[in-house]
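First comes the structure, then the notes that go with it.
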Amino acid sequence: MMIYIHIPFCIKKCSYCDFCSGVYPEEIRELYVKRLISEIRQWAGEYKGRSITSVYFGGGTPTVLAPSVIGDILQAVRENYDLAEDCEISIESNPGTVDIVKLRSLKDAGFNRLSIGLQSIYDKTLKFLGRIHTFSEFEDAYKTARQAGFLNINVDLITAIPSDTREEELEGIKRITELTPPPEHISVYSLILEEGTELYNRFYGKDTGFSEDEERLLYWDTERLLKESDYEHYEISNYSLNGRQCIHNIGYWTMEEYLGFGLSAAGYVRIGSKKYRTYNTSDMDEYLHSESYKKMTEESESDEIEEFVFLGLRLTKGIDLLDFKERFHRDFEDFYKEPLERNIKNGLMTRKDNMIRLTEKGVDISNSVLADFILD
Ligand code: SF4
């Protein structure tokens, strides 16, 4: 079982961001942390004794909080849940919000994985994206994180940004692989124009400089480049060095149970023989002051099967049909014989022994392949 903790605070809203995050005054941050800790305690009884394999602080920018406050939240988790000895404890951060004192105290508190939101190596692009930092501030943060003892670091990058050329973006990715030592993990996401964001208003329906075909080319060039530097492409947007895949992400894609705490956090839990999705409100006022901030809906078997297939096909290794049978007590073909055979015939999926996965062609049009796996 895993735990996700949402810290919705940022120093400034980026131009592409539709995450549940924003700039809040200190009084709200204080109330939020109190509420969060009480939520963490409130749900503990149900799950005491379950081994927690991953705790993930995401955001927002969790590192805008003082390290002692982050430490208090993690301590509340430790006191109320049973963290596995080798539990992955991750925190997202942004350059400009960390220094050696903060990073050392996060390390001392038990964080063993740091994710740094870089997004681009070009200051002009960082400005375009509305980021608060420069590339040189990232380099400092990265170096400092190593000095503080972080041995497992992820760097987040964005591609297909209207202010960049394809060559610039590939050069940027290459530059990150050349850090010494190189990051254990790199996530590369294509820019999505999310409704309601500044970039959506500026570019929706207009030429972003990257057509769909050019984006696909960039995607495969990114893979080639990272593979040349020994990164394993293990999920559509994620790469790892020496097997350092993100335990939290893998758990999410293989549908492990997780508890979600904080504003807008989602969860997926088993109670008795039933599975539930939980959703926290995205309204700060409601989260802070209402008792009905969390909603729960029972997951039907067909929803669970679809989700398992959709998430599993994001993984490069694909879906293990024996895992499917163990989980659902039925064969995959009982549900999906026809679409599986058709997609294999069309070169969009492959099957080797008990593993099925998307081919390169299948990844390129994954949305339409996945649509075949929606159950009536
Ligand atoms: S730092 Fe991250 S969460 Fe905050 S506004 Fe920027 S992209 Fe969104």
Worksheet item: In debye to the nearest 20, how big a dipole does the chain give about its Cα centre with +1 on each Lys and Arg Cβ and -1 on each Asp and Glu Cβ?
Response: 680
Worksheet item: Rounded, prolate or oblate: which one fits segment 2-251, using the alpha carbon gyration tensor with axes a ≥ b ≥ c (rounded when a/c is under 1.5, else prolate when a/b beats b/c, else oblate)?
Response: prolate
Response to the item:
Per its Cα gyration tensor (rounded if a/c is under 1.5, else prolate when a/b beats b/c, else oblate), segment 211-364 is best filed as oblate
Worksheet entry | Residue-wise HN-Hα coupling along segment 190-199, computed from phi with Karplus coefficients 6.51, -1.76, 1.60 (Hz; x: Gly, Pro) | 6, 4, 10, 7, 8, 4, x, 8, 4, 5
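Taking the mean number of other Cβ atoms within 10 Å as a proxy for protection, how do you rank 234-243, 183-192, 257-266 from highest to lowest? Before the final figure, lay out each step's value.
On the way: 234-243: 18.4, 183-192: 20.1, 257-266: 21.8.
Top to bottom by mean Cβ count within 10 Å: 257-266, 183-192, 234-243.
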Practice prompt. Pull up the cross-link candidates among the lysines for Lys102, meaning alpha carbon to alpha carbon under 17 Å and not fewer than 8 places away within one chain.
Written response: Lys143
Discussion item. From the phi angles alone, apply the Karplus equation (6.51, -1.76, 1.60; θ = phi - 60°) to segment 8-21 and give each ³J(HN,Hα) in whole Hz, x where the residue is Gly or Pro.
Written reply: x, 8, 9, 7, 7, 7, 6, 6, 10, 8, 10, 5, 6, 7
Worksheet item: With respect to the cross-link table entries Lys34/Lys275; Lys48/Lys275; Lys227/Lys337; Lys294/Lys325, which display a Cα-Cα separation exceeding 23 Å?
Response: Lys34/Lys275; Lys227/Lys337; Lys294/Lys325
Item to complete: Indicate the gyration tensor shape class of segment 337-376 (rounded, prolate or oblate), computed on the Cα atoms with a ≥ b ≥ c the square roots of the eigenvalues: a/c under 1.5 is rounded; otherwise a/b larger than b/c is prolate and the rest oblate.
Response: oblate
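Throughout, read-outs are computed from the coordinates displayed, never taken from laboratory work. Values in this document were obtained by computation on a predicted structure and should not be read as measured data. Note that each Cβ is placed from the backbone with ideal geometry, even for glycine, and that neighbours are counted across all protein chains shown.
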